[in-house]
Amino acid sequence: MRLYVTPASPWVRRVRVTILELGIEDRFEFVQTRWPHSWGTRTVAMPADFTAATPVMRIPALVTDTVTLTDSHAICDYLNAEFGNYRLLARDGAARWRALSTIAIASGVLEAQIMRRAETLRAEPERSDDFIAKMRDRTFRCFAALEEHLPTFGTTFDLAQITTAVACSYDDWRYGPDWRGAAPKLAAWFDQTAERPSMKATFPAETPQR
Ligand SMILES: N[C@@H](CCC(=O)N[C@@H](CS)C(=O)NCC(=O)O)C(=O)O
């Protein structure tokens, strides 16, 4: 299987953590993508194999012998079903909906973090401080809500916990510790979770430039 990645993307990271938690990393070819800073606001030229794999032209994208998936949730769910026997996300029932309610909020954080990043990269005078503040506010609100979900977290580091941990880590890395004030108990949970080998092995680094 071929997975298109960068070391900065939290969407990619939730897939990479899932792969490590399932112990299936030797089944993948990881293809590093390079992006100019203008990716946030312009269409950028990408290699032909990437554009052939994904008309969305976003990472992650997974190409297998039988299917191509161009969204991190679809990829994680596929890996969970094909290689995890639904260990990281229940196939159906109340446990599935409980996890998805957490995943939806944590994904809202990831989306706001990346939109904030794209806006931050936009040149003056077009850059909107209002938009950046709106995305930061959404992030903090969602972190506070995720803290309320902590009692639903079980012993398995599942897709709900993986997505939440990746969101916490991205804010720490990209924007600093301010989010911790909005969700101190979540921050304490995250500090323990960040010690997992799958989290340590995927700690973010800046996007390779071109
Ligand atoms: N909902 C998508 C979001 C993927 C996404 O936005 N990826 C970003 C990198 S963090 C990207 O490739 N952006 C490039 C672009 O928007 O042109 C997913 O879950 O995979």
Open item on the list: Considering only region 97-107, I want to know if a residue exists there that is within 12 Å of the ligand (Cβ to nearest atom) and modelled with pLDDT under 95.
Closed with: no
TODO: Taking the residues in region 69-116 that are hydroxyl-bearing (Ser, Thr, Tyr) and crowded, with 16+ Cβ neighbours inside 10 Å as candidates, determine which candidate is nearest to Leu22 (Cα to Cα).
DONE: Tyr78
TODO: Provide a single number: the residues in region 101-151 that are free of Cβ contacts under 8 Å to residues at least 12 places away in the same chain and within 17 Å of the chain's Cα centre (by Cα).
DONE: 2
TODO: Pick out the one residue from Ala123, Ala118, Ala106, Ala95 that is over 28 Å from Ala183 (Cβ atoms) and of a type in the set (A, V, I, L, M, F, W, C).
DONE: Ala123
Open item on the list: Suppose the filter is touching a strand residue (DSSP E or B) at 6+ places or on another chain (Cβ under 6 Å), buried (at least 17 other Cβ atoms within 10 Å of the Cβ), under 25 Å from Trp173 (Cβ atoms) and in contact (Cβ under 8 Å) with a residue 40 or more places away in the chain; does Val15 pass it?
Closed with: no
Open item on the list: Let me confirm something: among Trp39, Trp11, which residue is within 12 Å of the ligand (Cβ to nearest atom), in contact with a helix residue (DSSP H, G or I) (Cβ under 7 Å, 6 or more places away or on another chain) and under 18 Å from Ala205 (Cβ atoms)?
Closed with: Trp11
Task: Flag if Ala53 is assigned by TED's automatic domain parsing to the domain that holds Thr155 and among the small types (Gly, Ala, Ser) - done: no
Task: Among residues of region 172-202, those that are surrounded by fewer than 12 Cβ atoms within 10 Å (Cβ to Cβ) and outside any helix (DSSP H, G or I), counted - done: 4
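The values are calculated or read from the model by the stated rules, or taken from the named source; none is laboratory data. Just so it is clear, the model here is predicted, and its values are computed rather than measured. Neighbour counts are summed over all protein chains in view; Cβ atoms, including those assigned to glycine, are modelled from backbone coordinates with ideal geometry.
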